[in-house]
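J.: Attaching a single structure in structure tokens format; questions to follow.
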Amino acid sequence: MIVITAPTGNIGRHLLTRLLESAPANRRGLRVIVRDPERLPDVVREQVEVIIGSHGDARILHRAFEGADAVFWLVPPDSSLPPHEGYSGFTRPAAQAFAARGVGHVVGISALGRGTAVADRAGLVTASLAMDNLIAEAGVAYRALANPSFFENLLEETDSIRQRGVFTDVAAGERKAPLVAVADIAAVAAELLLDRSWTGIDSIPILGPQDLSPNDLARIMTEQLGFPVRYERQPFEELHAELVGYGLNEAFVQGVVDMKRAKEEGLDSGVERTRDTASPTTFDQWCAQTLKPAVLS
């Protein structure tokens, strides 16, 4: 039995589709934990066992992990909590349930940066790496999928891109960094969940096919969308004030700002891109398949 958390999220829905198309997964059985089962497509609900509730709830986890030999673990960011509480606090019941229910393998969504000079002051990433340690101590075989920023983050900017031809971030316009499509992360997760010959504790970087700067993104979006798109750099102080103004937990906001500052200082640059760490989807392809329909709809 494979258990999938956050099955309606960006990564989870891609993962679920891949697993449902896989005969080995169907033979083993699939179980999902979801707060609102109506968000699952009908065809999915017909093929999986559904546990309704939060995967931060120990009672739900003990039901969901019964008979499970593999779990996909993803913590949904909670802007109402400080980062450590949002990651390790949310995961602690699962770590206890892994041991209690004899779960053998866990694949988790994490971040790049472990071992870098800024890893201990990287906000949400620091909290994510601490979560990895908590899971690793639970006695399971664990693979942390170490990701940079997602292409999909740009979907939050669709209105600005459509109306003003502008997207913003705090990074220097010329600074290149790895970026990845969530579908590629789901593909790696599916492979690990289906072929569980691996043991021990490790992280798997997923770096996308090439490093890109915000200026590179603007150029590619301009080509794909058919109208000019430009990048505007936002000061860190302005980002902090903006997020606090939305009513988010101030410690969480500081975690976001610290993460972005650490990325600007090289948090995501410590892993070499090789055949094993690269992933296939290019930003051009993602723009054509995902961003363009969203912006032009």
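J.: Considering Asn249, Asn215, Asn153, which residue is of a type in the set (S, T, N, Q), within 17 Å of the chain's Cα centre (by Cα) and farther than 30 Å from Gly104 by Cβ?
T.: On the way: Asn249 fails: within 17 Å of the chain's Cα centre (by Cα); Asn215 fails: within 17 Å of the chain's Cα centre (by Cα).
Residue meeting the stated conditions: Asn153.
J.: Only one residue in Asp202, Asp184, Asp195 is within 26 Å of Pro7 (Cβ to Cβ), in contact with a Ser or Thr (Cβ under 7 Å, 6 or more places away or on another chain), open to solvent by 10 Å² or more (accessible area, probe 1.4 Å) and of a type outside the set (Phe, Trp, Tyr), so which one is that?
T.: Working: Asp202 fails: in contact with a Ser or Thr (Cβ under 7 Å, 6 or more places away or on another chain); Asp195 fails: in contact with a Ser or Thr (Cβ under 7 Å, 6 or more places away or on another chain).
After applying the criteria, what remains is Asp184.
J.: In the stretch 268-297, what count of residues is obtained for those that are buried (at least 20 other Cβ atoms within 10 Å of the Cβ), touching a strand residue (DSSP E or B) at 6+ places or on another chain (Cβ under 8 Å) and hydrophobic (A, V, I, L, M, F, W, C)?
T.: Of the residues in that region, 1 qualify.
J.: Would you check which residues across the stretch 151-161 are surrounded by 15 or more Cβ atoms within 10 Å (Cβ to Cβ) and over 14 Å from Gln234 (Cβ atoms) and list them?
T.: Matches in the stretch 151-161: Phe151, Glu152, Leu154, Thr158, Ile161.
J.: Just one of Ile135, Ile201, Ile185 is touching a strand residue (DSSP E or B) at 6+ places or on another chain (Cβ under 9 Å), β-branched (Val, Ile, Thr) and farther than 26 Å from Thr17 by Cα; which is it?
T.: Details: Ile135 fails: farther than 26 Å from Thr17 by Cα; Ile185 fails: farther than 26 Å from Thr17 by Cα.
The match here is Ile201.
J.: Check off (1) touching a Lys or Arg at 6+ places or on another chain (Cβ under 9 Å); (2) farther than 26 Å from Lys260 by Cα; (3) among the aliphatic types (A, V, I, L, M); (4) surrounded by fewer than 23 Cβ atoms within 10 Å (Cβ to Cβ) for Val118 and give me the number that stays unchecked.
T.: If we test Val118 against (1) touching a Lys or Arg at 6+ places or on another chain (Cβ under 9 Å); (2) farther than 26 Å from Lys260 by Cα; (3) among the aliphatic types (A, V, I, L, M); (4) surrounded by fewer than 23 Cβ atoms within 10 Å (Cβ to Cβ), just (2) comes out false.
J.: Among the residues of the stretch 217-238, write down those that are in contact with a Lys or Arg (Cβ under 7 Å, 6 or more places away or on another chain) and buried (at least 17 other Cβ atoms within 10 Å of the Cβ).
T.: If we filter the stretch 217-238 for residues that are in contact with a Lys or Arg (Cβ under 7 Å, 6 or more places away or on another chain), which is where we start, we get 218, 224-225, 236.
Those that are in contact with a Lys or Arg (Cβ under 7 Å, 6 or more places away or on another chain) and buried (at least 17 other Cβ atoms within 10 Å of the Cβ): Ala218, Gln224, Leu225.
J.: Checking Val295 against (1) touching a residue at least 60 places away in the same chain (Cβ under 8 Å); (2) under 19 Å from Val125 (Cβ atoms), which test does it fail?
T.: That leaves (2) as the condition not met.
The values are calculated or read from the model by the stated rules, or taken from the named source; none is laboratory data. Bear in mind the structure is a predicted one, so any value in this text is a computation, not a measurement. When we count neighbours, we look across all protein chains shown, and the Cβ atoms used for this are built from the backbone with ideal geometry, even at glycine. Please note that ligands, DNA and RNA were not included when accessible areas were found on the heavy atoms of the full protein model with its side chains. Shrake-Rupley method; radii C 1.70, N 1.55, O 1.52, S 1.80 Å.
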